[in-house]
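Asks: This is the structure I want to talk about, given as structure tokens.
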Amino acid sequence: MRVSVEEVFETVRMTLNHHFDIRTVTLGINLKDCIDRNINRFNERIQKRIIAKGIQLNKLAETTEHKYGIPITNRRISVTPVSLLLEPLPSKAETAVKIAKALDKAARNARIDFLGGFGALVQKGMTAADKNLISAIPQALSKTKRVCGFLNLASTQAGINMNAVERTGHIIKKLSAGTKDGAGCAKLTVFANVPEDNPFMAGAHHGTGEPDFSLNIGISGPGVVRSVVAQNPKCELTQLSEVIKRTVFKITRAGELIGREIAELMKVDFGIVDISLAPTTSAGDSVAEIVEAMGVTQIGRPGSTAALSMLVDAVKKGGSMASGNVGGLSGTFIPISEDAGMIRAVKAKALNIEKLEALTSVCSVGLDMFAVPGDTPAEVISAIIADELSIGVINNKTTGVRIIPVPGAKVGDIAHFGGLLGSAPVMEVPKIASPKFIARKGRIPAPLTALRN
Amino acid sequence: MSKSKKQQICIMTVTGADRVGIIARLATAMAEANINIVDVNQNIMEDFFVMTMAVDITRASIDTEKIKKRLDRIAKEMSLKITFQDENIFKAMHRV
């Protein structure tokens with residue numbers, strides 16, 4: 001049966017007026033077989049592969065964009081966690097920095113704006129290579145433009161590696177000091193329960209359970225959902241949930257169709273559809289504005305957590321009906337700097353760090369893209385990370401932290417991170433948190449997963 | 001029922017102020033590119049021209065990118081908004 005005029009125009013309106021797009025197409029690339037004891041040979045191999053595949057990805061994404069008339073906003077690459085690739089190489093920070101530079105150059109030559117995977121999984125302990133990579137992060141991420149880093153510091157199975165959490169506080173401070181407005185920190189996310197097929201930056205990497213190549217896709221941003229919620233200002237919440245489900249079903253189907261087609265053209269495995277709503281600062285493309293269209297006066301005020309939890313649940317229901325390959329993070333992002341509604345709420349003092357943390361307990365991604373004063377002590381950063389990761393560990397879900405200490409900035413100043421990363425008002429955090437708790441180090445044991453009341 | 005020849009159907013949508021010659025102009029552009037029109041739905045809503053056209057591009061003499069460029073030119077000249085998309089996107093989104 002041919003599609004009806006109404007159906008055609010619904011899709012066309014979504015594209016023309018509500019930012020309907022494919023938010024990201026990310027190609028995961030295995031680099032394990034490039035491992036070599038000679039750094040130059042290794043770099044040569046990885047660059048060759050990344051450039052060839054990156055060019056192909058861009059070209060085929062453009063062809064598919066033309067065919068379906070749906071913009072594919074970001075094309076990205078994720079690679080095997082670099083700490084694994086470092087194992088046989090000399091245990092020096094400069095080796096890790098050299099790899100970061102090689103990855104950066106490859107991404108630039110392939111016209112890929114961000115490449116993820118400069119990271120390590122250290123939820124239980126750190127190998128010499130992991131330690132080496134972590135020490136190299138400040139240099140590696142400040143001396144490169146396109147390379148993104150991640151660290152998995154905790155998991156429900158292993159607990160929280162507080163040695164690594166303590167260290168990460170200092171690493172983030174150092175990274176911030178080396179870049180303008182601390183923007184380097186926008187390229188580093190630390191996680192609990194990191195998924196190995198997430199297509200979104202900065203946490204994307206190509207996990208060890210993945211095939212040689214895997215094409216992962218992120219569905220349209222929040223603009224489409226915001227507009228349908230706004231078109232239903234008075235319906236009761238069950239009905240509203242249905243409206244959201246139906247819309248997310250449609251945008252997920254579009255994502256799956258386009259992802260499968262690009263994977264087929266590239267002759268690589270199709271991985272997952274990530275149904276996270278990822279905002280941008282373009283007008284209307286905001287998760288905060290969905291919550292506000294639901295009837296909350298401003299995100300951060302009482303009612304926000306309930307509204308957001310309903311939104312995320314409806315998104316998951318609609319998305320998982322549409323695709324059997326839902327994966328990655330599949331929550332909803334509420335970054336401060338990349339969402340105009342979140343920025344407004346911080347400026348209006350409706351949203352503070354404590355409420356933001358509460359919101360992250362019902363939506364996947366955690367404390368994201370928020371700026372704090374540059375003189376925030378490392379122990380406070382570590383304590384914020386420990387709190388957020390414990391939410392993920394206990395609730396068996398992914399949480400992350402992307403915190404940006406802005407050198408020289410005070411609460412209320414605006415920090416600019418450039419381009420897609422947006423800008424954020426500097427938020428208030430305490431000057432002292434839990435120095436003795438953080439200094440204890442060790443590991444917070446894995447939680448009991450029975451007796452869950 | 002089912003045709004032996006495989007088709008690749010695209011849907012064109014056109015919106016804008018109504019005026020003489022819109023369909024003629026688009027049909028000519030399609031014919032020039034050896035594209036067969038298989039279905040047309042047209043409506044005028046408050047002087048507003050709304051149309052969907054299903055076309056088969058299997059034997060088209062130019063690729064989708066070029067077709068779109070030509071349509072963009074027509075859209076500009078006639079002050080219309082024209083989209084051109086593979087039909088499968090609508091089927092995927094609107095059929096369970």
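Each reported figure results from applying straightforward, stated rules to the coordinates on display, with no laboratory input. None of the values given here were measured: they were computed from a predicted structure. Note: ideal-geometry Cβ built from the backbone for every residue, glycine included; neighbour counts use all protein chains shown.
Asks: Using the beta-carbon distance between B:ARG59 and B:LYS91 and R0 = 25 Å, what value does 1/(1 + (r/R0)^6) give for FRET efficiency, to the nearest 0.05?
Replies: Details: r = 22 Å, r/R0 = 0.86.
Efficiency at R0 = 25 Å is approximately 0.70.
Asks: Something else now. Toward the positive end of the charge dipole of the range A:24-170, about the Cα centre and with charges on Cβ (Lys, Arg +1; Asp, Glu -1), which of A:PRO138, A:GLY159, A:ILE70 goes farthest?
Replies: Going by the Cα projections, it comes out as A:ILE70.
Asks: Based on the alpha carbon coordinates of the range B:9-94, what radius of gyration and maximum Cα-Cα distance (Dmax) apply, in Å?
Replies: Expressed in Å, the Cα Rg and Dmax of the range B:9-94 come to 12.4, 37.
Asks: Which one, A:GLN239, A:MET201, A:ALA129, projects farthest toward the positive side of the charge dipole computed for the protein assembly as shown from Cβ point charges (K/R +1, D/E -1)?
Replies: A:ALA129
Asks: Counting other beta carbons within 10 Å of each Cβ, put B:ILE67, B:ILE37 in order, fewest first. Mind showing how you got there, number by number?
Replies: On the way: B:ILE67 22, B:ILE37 15.
Ascending number of Cβ neighbours within 10 Å: B:ILE37, B:ILE67.
Asks: Could you give the distance between the Cα centres of the range A:333-388 and the range A:47-69, to the whole Å?
Replies: 35 Å
Asks: Which of the trypsin sites (Lys or Arg not before Pro) across the range A:221-320 are loop residues per DSSP, with 14 or fewer other Cβ within 10 Å? If you can, show how the numbers build up before the last one.
Replies: Values: sites: A:ARG226, A:LYS234, A:LYS245, A:ARG246, A:LYS250, A:ARG253, A:ARG260, A:LYS267, A:LYS316, A:LYS317; in loops: A:LYS234, A:LYS267.
Those satisfying the criteria are A:LYS234, A:LYS267.
Asks: Still on this structure, I have one more. Using +1 at the C-beta of Lys and Arg and -1 at the C-beta of Asp and Glu, which of A:ALA358, A:PHE42, B:PHE48 has the Cα lying farthest in the positive direction of the dipole of the protein assembly as shown?
Replies: A:PHE42
Asks: Taking every DSSP beta bridge with both residues inside the protein assembly as shown, roughly what % is antiparallel (nearest 5)? List each step's numbers first, then the result.
Replies: Numbers: 41 of 75 bridges.
Approximately 55 percent, going by the DSSP bridge assignments.
Asks: Specify the inter-centroid distance of the range A:262-285 and the range B:15-89, based on alpha-carbon positions, in whole Å.
Replies: Taking the Cα centre of the range B:15-89 as reference, the centre of the range A:262-285 is 29 Å away.
Asks: Evaluate the relative contact order of the range B:9-94 (contact order divided by residue number), counting alpha-carbon pairs under 8 angstrom at least 6 apart; express in whole percent. Mind dumping the intermediate values first?
Replies: Numbers: 130 pairs, mean separation 37.0, N = 86.
It comes to 43 percent, rounded to a whole number.
Asks: Can you list the DSSP H helices in chain A whose Cα atoms extend at least 15 Å along the helix axis and whose mean Kyte-Doolittle hydropathy is 0.0 or higher?
Replies: Numbers: long enough: A:5-17 (17 Å, 0.09); A:39-68 (42 Å, -0.90); A:93-109 (24 Å, -0.24); A:128-142 (22 Å, 0.41); A:162-177 (23 Å, -0.12); A:237-266 (43 Å, 0.25); A:304-322 (27 Å, 0.62); A:378-394 (24 Å, 1.62).
Qualifying helices: A:5-17, A:128-142, A:237-266, A:304-322, A:378-394.
Asks: Bins of 20 Å, beginning at zero and ending with the bin holding the largest distance: percent of Cα pairs per bin for chain A, please.
Replies: 27, 59, 14, 0
Asks: Can you tell me the 0 to 90 degree angle between the C-alpha axis of helix B:64-78 and the longest principal axis of chain B, rounded to 10?
Replies: So the inclination is approximately 20 degrees.
Asks: Would you mind ranking B:HIS94, A:HIS205, A:HIS18 by Cβ crowding within 10 Å, fewest neighbours first?
Replies: B:HIS94, A:HIS18, A:HIS205
Asks: Can I ask one more? Report the extension gain between A:GLU6 and A:VAL411 in nm, rounded to one decimal, defined as 0.36 nm multiplied by the number of residues separating them, less their alpha carbon distance. Let's see the in-between values first.
Replies: Values: separation 405, 0.36 × 405 = 145.80 nm, distance 4.94 nm.
Gain on extension, A:GLU6 to A:VAL411, equals 140.9 nm.
Asks: Using DSSP to define loop residues, name the trypsin sites (Lys or Arg not before Pro) in the range A:420-453 whose beta-carbon has at most 14 other beta-carbon atoms within 10 Å.
Replies: Answer by residue number: A:LYS431, A:ARG440, A:LYS441, A:ARG452.
Asks: Loop only by DSSP, 11 or fewer other Cβ within 10 Å of the Cβ. Give me the trypsin sites (Lys or Arg not before Pro) in the range A:18-104 that pass, ordered by residue number. All intermediate terms of the calculation are to be shown ahead of the outcome.
Replies: On the way: sites: A:ARG23, A:LYS32, A:ARG37, A:ARG41, A:ARG45, A:LYS48, A:ARG49, A:LYS53, A:LYS59, A:LYS67, A:ARG75, A:ARG76, A:LYS92, A:LYS98, A:LYS101; in loops: A:ARG37, A:LYS92.
Qualifying residues, ordered by number: A:ARG37.
Asks: Explain nothing, just the number: dipole magnitude of chain A about its Cα centre with +1 on each Lys and Arg Cβ and -1 on each Asp and Glu Cβ, in debye rounded to the nearest 20. Don't jump to the answer; show the numbers that get you there.
Replies: Details: 54 positive and 42 negative charges, 213 e Å.
The dipole of chain A has a size of about 1020 debye.
Asks: Based solely on its DSSP helices, what 222 nm [θ] is calculated for chain A when runs of n ≥ 4 H residues each add -39,500 (n - 2.57) and the sum is averaged over all residues, nearest 500 deg cm²/dmol? Don't skip to the end; give the middle numbers.
Replies: Details: 14 runs with 199 residues, N = 453.
About -14000 deg cm²/dmol.
Asks: Let me ask you something else. Could you list which residues have their amide H under 5 Å from that of A:GLY116, counting only those 5 or more apart in sequence or on another chain, with H placed in the peptide plane?
Replies: A:ILE77, A:SER78, A:VAL79, A:CYS148
Asks: For chain B, with only Lys/Arg (+1) and Asp/Glu (-1) charged at the beta-carbon, what is the dipole magnitude about the Cα centre, in debye rounded to 20?
Replies: With only Lys, Arg, Asp and Glu charged at Cβ, the dipole is about 340 debye.
Asks: For A:SER304, A:SER241, what ranking results if the residue with the fewest other Cβ atoms within 10 Å of its Cβ goes first? Write out the running numbers ahead of the final one.
Replies: Values: A:SER304 26, A:SER241 18.
The order, fewest Cβ neighbours first, is A:SER241, A:SER304.
Asks: Under 19 Å from a point 7 Å along the Cα-to-Cβ line of A:GLU264: which residues of the range A:316-336 have their amide N that close?
Replies: Only A:322-326 pass the distance filter.
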